[in-house]
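The structure appears below as structure tokens.
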Amino acid sequence: MDWKTRLEQLDRRIIFIVIFFAVLMPLFFPLGLSIKPGPEATAFHAAIEALQPGDAVYLAADYDPGSLPELQPMLEAAIEQLCRKDVRIIAGSLWPACPPLVNRAFTEIAQGRFNKVYGTDYVNLGFKEGREVVMNQLGQSIRGVYPVDSSGAPIADMPVMSGVDSYADIKLIVNVSAGYPGTKEWVQQVRSRYSIPLVAGCTAVSAPEYFPYFQSGQLSGLLGGLAGAAEYEVLVSGSGPAAKKMDAQSLGHIVIIGFILLGNLIYFLRSREGSVA
Amino acid sequence: MIQTRTSLSARAGRPLRLLGLLACLALCAATMAAAAVPGLVVRDNPDDAGEAILVEWNGEAAGDSVRIERAESETGPWKLRRALPGTAGTYVDQGEGGPERGKTYFYRVDGQVLSAVPKAQWWNQGRTNLFLILMLYLGLILVFLNIARRGGSLFIRKIAGLDAMEEAIGRATEMGKPVLYVPGIDDANNIQTIYSMAILNSVSKMVAQYDTELIVPLAKAFVLPLAEETVRSGYMDVGRPDSFRADNIRFLSDEQFAFTAAVNGIMLREKPAANLFLGSFFAESLVLAETGFTTGAIQIAGTANIHQLPFFVVACDYTMIGEEFFATSAYLSREPMLVGTLKGGDMMKLVIMIFLVIAAIGATLGHSEAFRSLLVIR
Amino acid sequence: MRREIPLFLTIFFGCMMVIGFFVPHPIVNEARSRVEEWTIILAAAAVVLGVANVARIHMHKISRRDRDFQYSFPLLFALFLMIALGVVPKDWITSIGFPAGGTDEGSPFDWLYNNAYVPMQGTMFALLAFYIASAAFRAFRIRTIEAALLAITAVLVMIGRVPVGGSISDWFNGLIHVDLWTLPEIQQWIMDIPNLAAKRAILIGAALGAIATSLKIILGIERSAIGGD
């Protein structure tokens, strides 16, 4: 077997190993590449910046640990900006595995760094089965859908819920989503029906699908994948976990481009051999 | 209904007190004139269930801030509802502590008192445009349905992925291996999942005819009875109810990647010869399709989740894009009723294309707002 | 009747939801709201059905000694362990020495969630990066002009989406002292103009297909999804 055939039939495990090291190395030896926020992340930041102290925000966290590396930094940065703006955060989830991730972010950011008080400044309502139906029901009554929070405490007496019982009392919805139910459903079911401003963060894979919603104004801001999260972190605090991982992603992209070029080089040499023969 | 009830009264006493009072009144009047909110209107909020009142004013001419108070009688007691910047221009009083349907409410906005009664509407006028579009679409579907019923010939272009479906099942039969059918990871309320069940019905009939094993892994418990019933009825329709195995309709996990790992496990252990990925998929699409590629199965995918199409295109033998997926049952059955609805959809697309061209020309000539206002949905 | 009743229910509830979108009156709205509540209850009940299905299939597998039946043991163990840890009263768990019970922070459920479930999910999603690399190596062959356009666009977007794209552009523009379009700007243009145009077209087509299919099901034209012909 000549070298061209060997390369053509390259064992995919070799590709996997190269990718693994390309992603791993920058985590130990950062390249320090600069990150420039794009228009979508800037709009996301501006939408939260426009809130007034005391306003209520619904934080719709719809993902699971699978997309934690991409989406948790967005959630954390959003909570940080919301805490800085001194707004009340009401978080809910339509994905069963998400509430502990929200708790983790609240404990670390809201409570740990801003000394916010659970029940007064923020609340985690937890998971509710029902997908789009729940989105619509929240428009009628949040307390009707969630009589208790994720740990079973009644929400009616919590100061964070005072004067808030439906979308009419919410100033902005911040959605962080990994798929269904997620950003598309929030746009279709809530943004269109209740005309409430909505910003969203999603995985890189699904971001291109939501660009039309951002361009049409149905999304007031959009963060796509780790790159979007890193841009947003730069706007919120100058740096963060996603920004640090962008070096690894950069190198990963370069390696994939390298494999595309290699594949084509072999293909070109093979076709030249064919035409000579 | 709008009512304005601004009243002032004064009582005179001794001349000095009278003078003092007059001075006070003049001062109050001057203050009120300065604070009066220009263009103030209080009315029932339109297009709702009668649980909101709309307060509007001229935001450009208003002062720095506007204080909105509400009472159930003209004389109070007044309760502050909101203090807003003057530029806001509108306030909808609704939600927590909001107005009740049918009751009269008085609003005091920087001294001016107006009243309104919230009423429920029977029609949301802000959605009339959408209703008309829907009716047009329904009309087109019914017209083509009628044409199809009368035996009119309606052409459907070739869809390679659907032609390959029978071939893939045939190959699995020859090899004595199962067929894997994944109806996506969405729930039963997603139209793609429901439609995937319609395709599953056709696939199960084919599979039952060939007497091949059919494995249907599911990510949502709600889809389980639906899939079980669909496959069972497919087997019954071709007269092979005994070949149906309920254990092959498997709910695996509600969790995206736990489900993905389990389906990968099925592909690697049971080595199906044909993998059909038809439904709503997300990030798991490439993981599933690449694993299927390594097992050497024929792979046919179809989804309306456009962000997953590139992954299926690179890793599957055939991919049905967007509406091709929704054409499947009409294509496979050639039933006039279904083909008719498909043609109705095509005509609607033509209408949209014509509108887009006209709107693009209109926007270029500076009338974009007129076209935009036609499509705003409240 | 086996097919007529589901068909009637589909038509009735389908029409009710459509009408509810256009009629805001409380009579219609409250009926729709009630139906939505039923959906939540049904969805929650279906989870029980799903768990029963998993248990049944794997118990059958064990009892019949099917191929790879031994893997069913850890599956059933993990399934019932997580259910048990989530539903038993909190004080039972704290009474045996754990700091918290239920799904609270510090509970065994929480510990398993953070130390078993989270890494396993993350690993599965991370596989995507490896599969993308191997699929790109295999699929992006420049066989035609269209394939060349696709590969060039893919490379521009991939490099422009990450910070290294900006760094390369800045370095290059500095080198030639000309203010050319940067890679992130080119990437943004590709995503905003040609990508969006194509995506919108497919989106409109798919949405029309979805509406037509919904109408077909609501009007009873498409019956195979509810077990009809």
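The values are calculated or read from the model by the stated rules, or taken from the named source; none is laboratory data. Note that the structure is a prediction, hence the values are computed from the model and not measured. Note that each Cβ is placed from the backbone with ideal geometry, even for glycine, and that neighbours are counted across all protein chains shown.
Structure above, values below:
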| quantity | calculated |
| --- | --- |
| Residue under evaluation residue B:314, criteria (1) buried (at least 24 other Cβ atoms within 10 Å of the Cβ); (2) farther than 30 Å from residue B:134 by Cβ; (3) facing another protein chain (nearest Cβ under 8 Å), criterion not met | (1) |
| Pick from region B:166-203, criterion among the small types (Gly, Ala, Ser), away from every other protein chain (no Cβ under 14 Å) and in a helix (DSSP H, G or I), ranking: surrounded by the fewest Cβ atoms within 10 Å (Cβ to Cβ) | B:170 |
| Listing of helices (runs of 4 or more DSSP H) fully contained in region C:161-229 that carry 2 or more residues being hydroxyl-bearing (Ser, Thr, Tyr) and within 14 Å of chain B (Cβ to nearest Cβ) | C:194-218 |
| Residue check for residue A:169: in contact (Cβ under 8 Å) with a residue 40 or more places away in the chain, within 12 Å of chain B (Cβ to nearest Cβ) and over 24 Å from residue A:104 (Cα atoms) | yes |
| Number of the condition not met by residue A:209 [criteria: (1) buried (at least 23 other Cβ atoms within 10 Å of the Cβ); (2) in contact with a helix residue (DSSP H, G or I) (Cβ under 9 Å, 6 or more places away or on another chain); (3) closer than 30 Å to residue B:127 by Cα] | (1) |
| Those residues of region B:148-162 which are in a loop (DSSP other than H, G, I, E, B) and of a type in the set (Lys, Arg), in sequence order | B:150, B:157, B:158 |
| Strands (runs of 3 or more DSSP E) enclosed by region A:25-132 - at least 1 residues per element that are within 14 Å of chain C (Cβ to nearest Cβ) and either in contact with a strand residue (DSSP E or B) (Cβ under 7 Å, 6 or more places away or on another chain) or modelled with pLDDT of 90 or more (or both) | A:88-93, A:122-127 |
| The listed residue being surrounded by 15 or more Cβ atoms within 10 Å (Cβ to Cβ), charged (D, E, K, R) and not in a helix (DSSP H, G or I), out of C:104, C:66 | C:104 |
| Single residue of region B:86-125 satisfying the filter (exposed (fewer than 15 other Cβ atoms within 10 Å of the Cβ) and within 22 Å of the chain's Cα centre (by Cα)) that is farthest from the other protein chains (Cβ to nearest Cβ) | B:125 |
| Residue B:269 vs. criteria surrounded by 19 or more Cβ atoms within 10 Å (Cβ to Cβ) and out of contact with any Gly (no Cβ under 8 Å at 6 or more places or on another chain) | no |
| Selected residue [at positive phi and more than 9 Å from chain C (Cβ to nearest Cβ)] from B:292, B:322, B:279 | B:279 |
| Counted residues, region B:104-123 - those being in contact with an Asp or Glu (Cβ under 8 Å, 6 or more places away or on another chain) and either at pLDDT below 90 or under 14 Å from residue B:70 (Cβ atoms) (or both) | 11 |
| Residue pairs meeting the criteria (Cβ under 9 Å; at least 6 apart or on separate chains; first among the charged types (D, E, K, R), in region C:161-189; second in a loop (DSSP other than H, G, I, E, B) and surrounded by fewer than 14 Cβ atoms within 10 Å (Cβ to Cβ)) | C:170/A:34 |
| Out of B:365, B:375, sole residue that is loosely packed, with under 14 Cβ neighbours inside 10 Å and within 20 Å of residue A:184 (Cβ to Cβ) | B:375 |
